[in-house]
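The values are calculated or read from the model by the stated rules, or taken from the named source; none is laboratory data. In this text, all values refer to a predicted model and were calculated from it rather than measured experimentally. So basically every Cβ, Gly included, is an ideal-geometry build from the backbone, and we count neighbours across all protein chains shown. The accessibility values were calculated without ligands, DNA or RNA, using every heavy atom of the protein model including side chains. Shrake-Rupley method; radii C 1.70, N 1.55, O 1.52, S 1.80 Å.
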Amino acid sequence: MATIQDVARDAGVSTATVSRVFSAPELVLETTRNKVMETVNRLGYEPNFAAKSLRTLRTEKILVTVPDISNPFFSQVIRGVEEAALAAGYSVLLGNTRHEETREEQYAAMFRRKEADGLIFLGHRLPAVLAEMVAAKGPKTPIVNGCEFRPGLAVSSAHIDNERAAAEVVDHLYDLGHARIGVVTGPLASPISSDRLAGVLSAAQRHGRASALRIAIGDFSIESGVRQTGELLDEPGRPTAIFCFSDEMAMGALEAMRQRGLNCPRDVSLVGFDDIRFAQFLDPQLTTVSQPKEQIGHEVVRLLLDILSGRATELQNITLPHQLVVRSSTAPPPT
């Protein structure tokens with residue numbers, strides 16, 4: 001098996017240069033880096049990352065926990081995380097918690113065992129053992145949140161203004177002439193759900209229509225979209241517009257309408273949230289709030305790298321721009 005000395009001799013560089021190509025490639029001239037990597041591939045050299053980890057106390061791995069890996073929204077955030085992490089020389093370990101506290105605690109234990117240099121969590125809970133770590137070390141703790149900002153977590157975060165975005169959706173529906181709006185939220189324990197509901201209520205109050213709102217509690221899944229929208233549509237004086245707090249639930253809402261012989265948007269308008277890749281290919285195309293999903297991934301990695309490099313001296317909470325994307329699933333109510 002080729003050694004680092006073999007690579008250095010063949011490439012005409014020092015062993016320190018070969019090491020830097022793997023540990024800090026940005027410090028090596030591109031021509032030298034390419035020559036070293038060509039030699040590495042030709043000789044079949046494999047660096048001993050385990051030994052390096054013991055020597056430097058760094059794994060060059062980032063642990064990312066996600067509440068539901070099957071949700072298309074998270075897949076695009078993770079794409080952004082991986083792109084930014086790889087560009088900085090880090091690998092990504094992915095943990096699917098399935099909204100279960102036990103799984104969150106298992107991944108927290110991995111982080112405590114130093115199996116990763118930093119943790120990015122895309123849910124709203126921080127296990128007690130990590131909350132204690134944050135309380136002790138403050139902004140220097142290499143833990144960052146994406147999407148589910150809550151001040152009480154006391155960690156840096158990247159997210160959108162969910163309250164404002166939801167208010168814009170409701171304003172859009174009232175501007176179209178809808179008086180009866182149904183809302184399918186996510187779990188209210190989630191900050192994004194509670195913030196979006198606060199935006200809905202504030203907009204409804206501004207328009208003097210709060211008493212006409214109909215609210216059902218979902219869980220962000222397609223199945224809850226079918227179930228909770230069905231309940232809203234079966235009520236007397238059914239809503240003429242439905243606002244779902246995720247595009248997945250909006251897809252379920254379309255199915256609930258079909259089951260009842262209702263047309264969207266002729267009979268009932270529909271709005272989702274997230275702007276997942278499928279939203280523009282539904283029939284009708286879905287009006288929704290677009291989140292900068294990959295940018296969120298890039299930002300949480302940047303925040304984490306700032307902590308790992310010692311550049312971060314205080315918490316940073318980054319609010320990224322969102323956009324209400326109006327498509328053909330919303331229209332004036334039936335006359």
* Asked: Any idea how many residues of segment 174-199 are more than 22 Å from Pro67 (Cβ to Cβ) and touching a residue at least 12 places away in the same chain (Cβ under 8 Å)?
  -> 8
* Sole exception among (1) under 30 Å from Ile222 (Cα atoms); (2) polar (S, T, N, Q); (3) modelled with pLDDT under 95 for Ser53, by number -> (1)
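Residue by residue, here is whether (1) among the basic types (Lys, Arg); (2) farther than 30 Å from Pro151 by Cβ; (3) within 16 Å of the chain's Cα centre (by Cα); (4) in a helix (DSSP H, G or I) holds:
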| site | (1), (2), (3), (4) |
| --- | --- |
| Ser211 | no, yes, no, yes |
| Thr229 | no, yes, no, yes |
| Pro239 | no, yes, no, no |
| Ala256 | no, yes, no, yes |
| Gly310 | no, no, no, no |
* Within segment 258-281, can you find the residues that are farther than 19 Å from Lys293 by Cα and either acidic (Asp, Glu) or in a helix (DSSP H, G or I) (or both)? -> Arg258, Gln259, Asp267
* Test: Glu163 is of a type in the set (D, E, K, R), on the phi < 0 side of the Ramachandran plot and in a loop (DSSP other than H, G, I, E, B) -> no
* Quick one: count up the residues across segment 2-14 that are over 14 Å from Asn41 (Cβ atoms) and either part of a loop (DSSP other than H, G, I, E, B) or open to solvent by 60 Å² or more (accessible area, probe 1.4 Å) (or both). => 6
* Asked: Which of the residues belonging to segment 303-323 are farther than 10 Å from Lys140 by Cα and crowded, with 17+ Cβ neighbours inside 10 Å?
  -> Leu303, Leu305, Gln316, Ile318, His322
* Structure fact -> For segment 177-193, the count of residues that are open to solvent by less than 50 Å² (accessible area, probe 1.4 Å) and either assigned to a helix (DSSP H, G or I) or touching a Pro at 6+ places or on another chain (Cβ under 7 Å) (or both) equals 7
* Asked: So which strands (runs of 3 or more DSSP E) are wholly in segment 28-144 and hold at least 3 residues that are touching a residue at least 24 places away in the same chain (Cβ under 8 Å) and surrounded by 20 or more Cβ atoms within 10 Å (Cβ to Cβ)?
  -> 61-66, 118-121
* Asked: Yes or no: Ser156 under 23 Å from Glu294 (Cα atoms), open to solvent by less than 20 Å² (accessible area, probe 1.4 Å) and not hydrophobic (A, V, I, L, M, F, W, C)?
  -> yes
* Asked: Can you find a residue in segment 269-291 that is under 30 Å from Pro139 (Cβ atoms), open to solvent by 40 Å² or more (accessible area, probe 1.4 Å) and in contact with a helix residue (DSSP H, G or I) (Cβ under 7 Å, 6 or more places away or on another chain)?
  -> no
